[in-house]
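Inspection log for the structure reproduced underneath, given as structure tokens.
The values are calculated or read from the model by the stated rules, or taken from the named source; none is laboratory data. Treat the numbers as computed from the prediction; the structure is a model and nothing was measured. No Cβ is skipped: glycine too gets one built from the backbone with ideal geometry, and neighbour counts run over all protein chains shown. Ligands, DNA and RNA are stripped out before the accessible areas are found, and what is left, the full protein with its side chains, is counted by its heavy atoms. Shrake-Rupley method; radii C 1.70, N 1.55, O 1.52, S 1.80 Å.
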Amino acid sequence: VIQLVNEGKAEKVDASVIEVYTHFARYYWYAKGNFQEALRHLDEAIRLCEAAAFNTDELKIPIYTNYGYTYGYSGDFDQSSRYFENALTLSIEIYGAESEQAADRYTDMVFPLIQKSEWEKAEIALKKALELNIRIRGAEHISVLKTYNNLGYIYLTKFDNDQAILYINKAMDLIRQ
């Protein structure tokens, strides 16, 4: 199927072809640390989305998310933030502001914000993710534990030890359950 697409037969594009390019990109940035190759695959996935004869907005969310991580791990945190914001915006448009997908995208956004020492923005995003995760997934879900832990980290870096201990203890309480 990929060969048909590469030969310019865009009418043969389906969701699985776009997903293959997205998975290849993740492999290259995550397992190989080859950011240029990852970006090449993500660019191809976006090109295929534009050429497809069906709505690909849902498929663009993981593409934008992978762009965010690729740029983030390569050290370009501004580009990383931009793509995570695109993924969040699209997730809200498709799934709604009160969805698991939106909660996950708020969590993703924190990565470059922490790297840029934008602690307040990271805290806001994590608190929004926490609120959504508790309401949608339940107070004992692993995503809640991770969010408590991340909030604890942010408060530690801000030297707000009381808040840091509060959130780290909440995470520990979930582990103990």
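One residue is enough: does the range 57-79 have a residue meeting the conditions under 20 Å from residue 18 (Cα atoms), touching a residue at least 24 places away in the same chain (Cβ under 8 Å) and open to solvent by 60 Å² or more (accessible area, probe 1.4 Å)? Yes, some residue in the range 57-79 is under 20 Å from residue 18 (Cα atoms), touching a residue at least 24 places away in the same chain (Cβ under 8 Å) and open to solvent by 60 Å² or more (accessible area, probe 1.4 Å).
Going residue by residue through the range 98-115, is there one that turns out to be open to solvent by less than 50 Å² (accessible area, probe 1.4 Å), part of a loop (DSSP other than H, G, I, E, B) and closer than 24 Å to residue 63 by Cβ? Scanning the range 98-115 turns up at least one residue that is open to solvent by less than 50 Å² (accessible area, probe 1.4 Å), part of a loop (DSSP other than H, G, I, E, B) and closer than 24 Å to residue 63 by Cβ. Given the criteria hydrophobic (A, V, I, L, M, F, W, C), farther than 21 Å from residue 170 by Cβ and either open to solvent by 60 Å² or more (accessible area, probe 1.4 Å) or in contact (Cβ under 8 Å) with a residue 60 or more places away in the chain (or both), does residue 46 qualify? When the stated conditions are applied, residue 46 does not pass them. Just one of the numbered conditions (1) modelled with pLDDT of 95 or more; (2) within 20 Å of residue 72 (Cα to Cα) is not true of residue 119; which one? Unmet condition: (1). The residues in the range 131-160 that are of a type in the set (Phe, Trp, Tyr), assigned to a loop (DSSP other than H, G, I, E, B) and either open to solvent by less than 50 Å² (accessible area, probe 1.4 Å) or at pLDDT 95 or above (or both) can be counted, and the count is 0. In the range 16-38, of all residues being open to solvent by less than 20 Å² (accessible area, probe 1.4 Å) and under 12 Å from residue 74 (Cα atoms), the one that is modelled with the highest pLDDT corresponds to 38.
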